[in-house]
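Inspection log for the structure reproduced underneath, given as structure tokens.
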Amino acid sequence: MPIPNKEITDKDLVTSLIAVIIVYALIQVYTRWYSNYLKKREEKLKERRNIGKLY
């Protein structure tokens, strides 16, 4: 099965580059948010353990 040849224009390249940048930014935002979420969750668990030790 032959692969159809399609010319790639500058617009296609720019569009794909923008899409890659947006996906990269979304991944960065998600990982930063998730790491902050895990830190807060860990602090809550430490507080609960400390409260248990006090009683």
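For region 24-55, name all the residues that are at pLDDT 95 or above, open to solvent by 90 Å² or more (accessible area, probe 1.4 Å) and among the hydroxyl-bearing types (S, T, Y). Within region 24-55, Y24, Y30, Y34, Y37 meet the criteria. The condition of being among the β-branched types (V, I, T) and assigned to a helix (DSSP H, G or I) holds for only one of I8, I51, that being I51. Within region 1-25, the set of residues being over 27 Å from the mean Cα position of the chain (by Cα) and of a type in the set (S, T, N, Q) comprises N5, T9. A count restricted to region 1-23 and to residues that are of a type in the set (S, T, Y) and exposed (fewer than 10 other Cβ atoms within 10 Å of the Cβ) stands at 1.
The values are calculated or read from the model by the stated rules, or taken from the named source; none is laboratory data. What you see is a predicted model, and the numbers here were worked out from it, not measured in a lab. For neighbour counting, all protein chains shown are included, and Cβ atoms are generated from backbone atoms with ideal geometry for every residue, glycine included. Note: areas computed on protein heavy atoms with side chains; ligands, DNA, RNA excluded. Shrake-Rupley method; radii C 1.70, N 1.55, O 1.52, S 1.80 Å.
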